[in-house]
1. Given 10 °C and 1.306 mPa s, how large is the Stokes-Einstein diffusion coefficient of the stretch 13-84 in µm²/s, with Rh as the Kirkwood radius over Cα pairs?
2. What ranking do Leu41, Leu3 get, fewest neighbouring Cβ atoms within 10 angstrom at the top?
3. Treat every Asp and Glu Cβ in the stretch 122-273 as -1 and every Lys and Arg Cβ as +1, leave all other atoms uncharged, and give the resulting dipole magnitude about the Cα centre to the nearest 20 debye.
4. Which order results if Met194, Met1 are arranged by neighbouring Cβ count within 10 Å, fewest first?
5. For a quick check: sort His80, His136 by the number of other beta carbons within 10 angstrom, fewest at the front.
6. Can you bin the stretch 35-122 into rounded, prolate or oblate? Criterion: square roots of the alpha carbon gyration tensor eigenvalues sorted a ≥ b ≥ c, rounded for a/c under 1.5, prolate for a/b above b/c, oblate for the rest.
7. Considering the options Tyr129, Cys223, Pro143, tell which one lies farthest towards the positive end of the dipole of the chain, charges being +1 on Lys and Arg and -1 on Asp and Glu at the Cβ, about the Cα centre.
8. How big is the dipole moment of the chain about its Cα centre under a simple scheme where the beta carbon of each Lys and Arg is +1, that of each Asp and Glu is -1, and everything else is neutral? Debye, nearest 20, please.
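Only the coordinates and a few stated rules stand behind these numbers; no lab work does. Quantities reported herein were computed from a predicted structural model and do not represent experimental measurements. Backbone-built Cβ (ideal geometry, glycine too); neighbour counts: all protein chains shown.
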Amino acid sequence: MKLLVTGGAGFIGSAFVRTTLATQPEAEILTLDKLTYAGNLDNLAPVEGSARHRFVRADICDAAAIDEAFASFHPDAIVHFAAESHVDRSIHSPAPVFETNLRGTFTLLEAARRHGLAHFQHVSTDEVYGSIEAPHDADEQYPLHTSSPYSASKAGSDLLALSYYTTYKLPVTVTRASNNYGPYQFPEKLIPLMIANALEDKALPVYGDGQQIRDWLYVDDHCAAIRAVIAKGRAGEVYNIGGSRSLANLDVVHRILKATAKPKSLIRYVTDRPGHDRRYALSSAKIERETGWAPAVEFEAGLAATVAWYQANSEWVGRVRSGAYQSYYEQNYAHR
Ligand code: NAD
Ligand code: TYD
């Protein structure tokens, strides 16, 4: 199986590359990544030297570069992770979100159509369902209702991908996962930001009242679910991937303070995010029924492993936090 993995130098994409090469001896991977602020070749260091892995630096909006990747590698499938993936950044700077998440996905779909690809696995998010009133959860039929430029761009790219199945019979699957956490996550999302700040005795900025609910999924469980969909998923279908662990943000922050042995006095309540979705909740019954996948990592064990990784990798954190990170941090937090 030859897989073209877009965004494979990012958080989830690199976990997919590492775990797929480790668990599937027949897999060959070409990672294609633009290396934006979120992409980092350090994340692929564990597979450096593997004869079954190649890397190419390219933008998914660059049709010629994508054609070249298809022509030289002849992939059986694309696993499409590349995206501008952060809600707060999408609020400050929506243009790259539109460009990569919509135009980039369109460029890949067109290449896949021209080259007659056997499978296009589009990686998406539960945020496309928007905020969900308790006690309900979203199955794959739930209406799309987006709040941020990020979630709107993901919903748009999901629909575009599905249209290529309906219209051109391109074998597309779409997965919608809940909030991921684990090693190598850029310290701008809740869990890595709070761990990195706690370890440096910096303030932990909690938006609003901190009672927003997210469903947490360990990154390796997400990657296993994507492999299950590639192996057993039906073309033209959407599969939700949840961690079956809903927690309020403040609860997560308290657990991080406990795991890092830091005081609650580090918590700072700051101005809420505009358009902040209150609650995400997902039903994963379909993927469990059709593929047999289920999350394997309990939140307690996953969080402990994640905290331990950030403790052991302060150099990685220091490197990704240098340069442009400082101006982002200032832009997002200084006025709150
Ligand atoms: P990330 O921000 O860590 O990584 C994104 C990667 O895409 C980076 O390596 C970046 O360099 C690359 N990239 C960005 N623009 C590109 C372009 N134009 N061309 C080529 N490469 C480009 O993101 P992540 O958290 O690993 O998310 C990966 C995917 O999973 C995204 O599609 C995201 O929407 C989806 N997702 C994320 C989560 C989550 O909790 N992080 C949850 C559900 C779904
Ligand atoms: P985030 O990790 O950005 O993921 P998403 O917005 O895609 O769910 O945020 C998770 C939750 O944590 C969300 O409710 C916003 C909140 N949050 C904070 O309270 N403080 C922060 O500094 C960040 C980054 C997020």
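1. Approximately 124 µm²/s, per Stokes-Einstein.
2. Going from sparsest to densest Cβ surroundings: Leu41, Leu3.
3. 360
4. Starting with the residue having the fewest Cβ neighbours, the order is Met1, Met194.
5. His136, His80
6. oblate
7. It is Cys223.
8. That gives the chain a dipole magnitude of about 200 debye.
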